[in-house]
Structure formats: structure tokens, C-alpha cells
1. If you go through the range 237-269 one residue at a time, how many are exposed (fewer than 15 other Cβ atoms within 10 Å of the Cβ) and not aliphatic (A, V, I, L, M)?
2. What pairs come up if the first residue lies in the range 88-99 and is surrounded by 15 or more Cβ atoms within 10 Å (Cβ to Cβ), the second is in a helix (DSSP H, G or I), and their beta carbons are under 6 Å apart, counting only those six or more places apart or on different chains?
3. For I297, all conditions in the list (1) at negative phi; (2) more than 16 Å from the ligand (Cβ to nearest atom); (3) at pLDDT 95 or above hold save one; what is the number of the exception?
4. Kindly indicate whether V185 is away from the ligand (no atom under 15 Å from the Cβ) and touching a residue at least 40 places away in the same chain (Cβ under 8 Å).
5. Using beta carbons and a limit of 6 Å, which pairs, at least six apart or on different chains, have the first residue in the range 156-169 and not assigned by TED's automatic domain parsing to the domain that holds P187 and the second one within 12 Å of the ligand (Cβ to nearest atom) and not charged (D, E, K, R)?
6. Can you tell me which residue in the range 43-85 is farthest from Q278 (Cα to Cα), limited to those that are part of a loop (DSSP other than H, G, I, E, B) and within 15 Å of the ligand (Cβ to nearest atom)?
7. Report, by residue number, each residue of the range 137-157 that is within 13 Å of the ligand (Cβ to nearest atom) and surrounded by 24 or more Cβ atoms within 10 Å (Cβ to Cβ).
8. Run down I250, I244, I261, I239 and say which single residue is more than 30 Å from A120 (Cα to Cα) and touching a Lys or Arg at 6+ places or on another chain (Cβ under 6 Å).
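The values are calculated or read from the model by the stated rules, or taken from the named source; none is laboratory data. Note that the structure is a prediction, hence the values are computed from the model and not measured. Please note: Cβ atoms are built from the backbone with ideal geometry, for glycine as well, and neighbour counts cover all protein chains shown.
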Amino acid sequence: MKHLIRTDDFTTLEIEAILEDAKLFSAKIEDGSGIDKILKDKIIITLFFENSTRTRSSFEIAAKRLGAEIVHLDVANSSTKKGETLVDTAMNLDAMNPHAIIVRHQNSGVPKILSNHTKASIINAGDGAHAHPTQALLDLFTLKKHFENDLRGKKIAIVGDIKNSRVANSNIELLGRFGMEVILVAPPQFLPKTTLRTTHYINEIVDEVDIIMSLRTQTERHSSQTYASLKDYASDFCITTELIGQRDIILLHPGPVHRNIDICDALLADKRCKVLEQVSNGVALRMAVLKKLINDI
Ligand code: NCD
């Protein structure tokens, strides 16, 4: 396996090995011990056509911790702005012999197309509403850490704009594969066609789930306004202290969080909220993915 476009590009065994590596990297980062520069002399390009805070910096820090050199292509000032096709841009970058190109694009399918034209590994950092494999892998890693590897039969509610979310898509495949029951909670316009259990009412499932994953409404992908206002959405779907009470439920969110619309301030500061742990785990997980794709050929 050379490219990572979707979570199902990796077998379950491959993912177990990646999670083991991520655990080792995470422990080394935490205790400050030295990390072998196994990607010394490797060059990685980041090519981001959509905004990003966490994912791009997380990949960059992961690459640097392993000793790789990172080159960021400034898309706003690149030749795609002069009419060059995306495939030509990728082929030109590939002709400089990088080891990997990390791509984010607003259109589903772009990383897959580029992977047909490059020698370098293409790593999907999010394409449209299609897939975000490293986000789902870091969510799985966070859950495995929290539940000490025991995910079989655990129930997770994914809440929000599921239909337009690449994070939801990748997690539905991956968490299901690792034995979890996924329940989708959303208003009708945000629910995809699915065979999974669904509900429009979060109250219906709050007593039975172990985890709630809240998602941001993907307004950039809506062709028209889907809710009277985000406040109206929040009154039905915001995860609040009143809703969760003292229940033993942990909260995930891929970020960026719409405060008091996705999750309330008080819960964001609660120890059951794992949002910043997800971010920390993201670096270790991406180190393991880069090692696998670039080094373990
Ligand atoms: C997500 C994304 O870009 O898909 N963010 C991320 O990568 N952490 C989710 C989102 O933008 O809502």
C-alpha cells in the first residue's frame, strides 16, 4: 500500500500496527525522549486547496518529529491559478521526486485522481464530503487509548451534519470495522442514506451511548441555508451539560468547534471532553502513517 485515500485502503492488521506505532510515538512525545529521525532525507509536500488549522500543522509537526523536510505549496499563488490543471500541477511536483504529497481539496475524488499520476505517496488530508482517513484513524486511536483497547460493543452517536461530513464517512467505515455500533443523530436534511440506526432526537440515545462525536455544520457545502439559524440548530443538537448530566460519556469533535452550537462552553472544559487529546493524538498517529507509507515499503 502506497497511497492513503480512504480508511479501507488499510487492512485491519495494518491499522493495528499503525496504532501500535502511534502509541510508541505518543509515549515518546509525552516523556520527551528522543525519537529516531527515520524520515531524515525524505521530502514531503503539503498541497492544501481548503482551509486547515489542525490537519496541516499536525502533518507538518509529525513529519518534522521524524526528521523529514516539509515543503508547503502556496496554492493561492501557484500555477493552478494560472490555468494549469490539478493533474499537471501534481505531475510537476512529482517530477521533483518528493516522497509524499499530502492533499486537501474541496472536491471529492481529487486525491485518488492524483494518485494515478504520481510516484510519490498521495495522502488524503480531506476531500470534499468523501473521506478524511487520518482523522478517523486518530479518533480510533483516541478511543482505543481511553477504553484500553476494548471497543467491541461500544456505542457511539455521531451528531450533526453527517451527510456533508468526510469525518463521519471515514469514521462510519472504520469504527464499524473495529466492532463499535454507530448511531447517526441528525435532522432529516443532514442524514445520509444508510443502513445504520438513525434518529432525529438526541434524547433518545443519550442513556445508551458511551461516546458522542459532535460535528460542525458544513455550511461551505450547503447550496442553500438548511436551518433557520445556527442557534435553532443548536437548540436541538448542541451537546450541553443539561443533556449529558453526570453520565459516563466521552465527547469527541474533529474541530473546528462552533462553541455553544456543537458543544457548550462548560462541556468543552469538562474532563469528559477529549477534543484536545484528539489533537495531540493526531500528531502521533500521523507519524505512524508517514512511517508506514514512506518507510515500510
Ligand atoms: C474537519 C475537516 O476538515 O473535515 N476538520 C479537521 O480536519 N480536523 C472537520 C470540519 O471542518 O468540520
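1. 9
2. That search, which allows pairs on different chains as well, returns T89/T80; A90/L114; H99/I294.
3. Answer for I297: the failing condition is (3).
4. In short, yes.
5. Partner pairs satisfying both residue conditions: none exist.
6. Applying the filter and picking the extreme gives F49.
7. L137, L138, D139
8. Step by step, each of I250, I244, I261, I239 is checked, and only I250 is more than 30 Å from A120 (Cα to Cα) and touching a Lys or Arg at 6+ places or on another chain (Cβ under 6 Å).
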